[in-house]
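Trainee: Handing you this structure, nothing more for now.
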Amino acid sequence: MHRILPLLMVLLLAATSAFAASADKPAMQLADDLTLAEAQSVVNAALAFSAKQGVPMNIAVVDAGGNLKAFFREDGAFLGSIDISQKKAVTARFFNMPTAKLGAAAQPGQELYGIEVTNDGLIIFGGGELLIRKGSIVGAIGVSGGSVKEDTAVAQAGAAALK
């Protein structure tokens, strides 16, 4: 027992040193994931287009895994649209298509009727667009606060920032 204790202490010290060294290294990034700089450029492009329309918007950007990467709520944007913008972004990413396209396939009598009640609620009208870099989906943007047409135009302007 007396010989094992010093050995365990040496192993613990080595593991702690290795962990401390790895903590100094920058976080790993997946090759096909959205960077913070890209998310910010998407939001900025969407905000610029929103300002032209004069309608305050909620703008959500998710990464390749559908996780919130950036969010911006303009002054005066509807509080209820916060959740809608985030769900539009997640919906677009989960199904790899704009929310308007999914909505068309989810109408009564269509193949995906009722899909909006899955996944803790989806949004199946316009305003969610994919973010594509060099042919790979790296995330999505969701916009809510105006009409469906206004939301879609702002989301498309944001998505265009990566093209």
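Trainee: Among Ala31, Ala51, which is the only one that is of a type in the set (Gly, Ala, Ser) and at pLDDT below 95? Quick ask: steps written out before the conclusion?
Mentor: Details: Ala51 fails: at pLDDT below 95.
Every option except Ala31 fails the conditions.
Trainee: OK, next. Restricting to region 87-139, give me the number of residues that are surrounded by 13 or more Cβ atoms within 10 Å (Cβ to Cβ), in contact (Cβ under 8 Å) with a residue 60 or more places away in the chain and outside any helix (DSSP H, G or I).
Mentor: From region 87-139, those surrounded by 13 or more Cβ atoms within 10 Å (Cβ to Cβ) are 87-95, 97-106, 112, 115-116, 119, 122-133, 137-139; that's our starting set.
Okay, now just the ones that are also in contact (Cβ under 8 Å) with a residue 60 or more places away in the chain, so 88, 131, 133, 137-139.
Now restrict to residues that are outside any helix (DSSP H, G or I): 131, 133, 137-139.
Counting residues in region 87-139 that are surrounded by 13 or more Cβ atoms within 10 Å (Cβ to Cβ), in contact (Cβ under 8 Å) with a residue 60 or more places away in the chain and outside any helix (DSSP H, G or I) gives 5.
Trainee: Looking at Ile82, Ile137, Ile115, which is the one that is under 17 Å from Leu34 (Cβ atoms) and among the β-branched types (Val, Ile, Thr)? Spell out how you get there, then give the answer.
Mentor: On the way: Ile82 fails: under 17 Å from Leu34 (Cβ atoms); Ile115 fails: under 17 Å from Leu34 (Cβ atoms).
From the options Ile82, Ile137, Ile115, the qualifying one is Ile137.
Trainee: Still on this structure: If I ask for residues that are in contact (Cβ under 8 Å) with a residue 24 or more places away in the chain and either of a type in the set (Gly, Ala, Ser) or surrounded by fewer than 22 Cβ atoms within 10 Å (Cβ to Cβ) (or both), which ones from region 149-163 would you list? Please lay out each step first, then the result.
Mentor: Initially, region 149-163 is screened for residues in contact (Cβ under 8 Å) with a residue 24 or more places away in the chain, giving 150-163.
Scanning region 149-163 gives Glu150, Thr152, Ala153, Ala155, Gln156, Ala157, Gly158, Ala159, Ala160, Ala161, Leu162, Lys163.
Trainee: Just to be sure I understand the filter: pairs with C-beta atoms under 7 Å, separated by 6 or more residues or on different chains, first member in region 48-65 and under 10 Å from Glu150 (Cα atoms) and small (Gly, Ala, Ser), second member assigned to a helix (DSSP H, G or I) and modelled with pLDDT of 95 or more. Which pairs pass?
Mentor: Ser50/Val154
Residues checked against (1) in contact with a Ser or Thr (Cβ under 9 Å, 6 or more places away or on another chain); (2) at pLDDT 95 or above:
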position	(1), (2)
Leu5	no, no
Ala27	no, no
Val43	no, yes
Ala46	no, yes
Pro56	yes, yes
Asn67	no, yes
Pro98	yes, yes
Lys101	no, yes
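Trainee: Sticking with this structure for a sec: Just to verify a result, which residue in region 69-81, among those that are over 25 Å from Ile132 (Cβ atoms) and of a type in the set (A, V, I, L, M, F, W, C), is surrounded by the fewest Cβ atoms within 10 Å (Cβ to Cβ)?
Mentor: Ranking the qualifying residues of region 69-81, first place goes to Leu79.
The values are calculated or read from the model by the stated rules, or taken from the named source; none is laboratory data. These figures come from a predicted structure and were not determined experimentally. With ideal geometry, Cβ positions are generated from the backbone for all residues, glycine too; neighbour counts draw on all protein chains shown.
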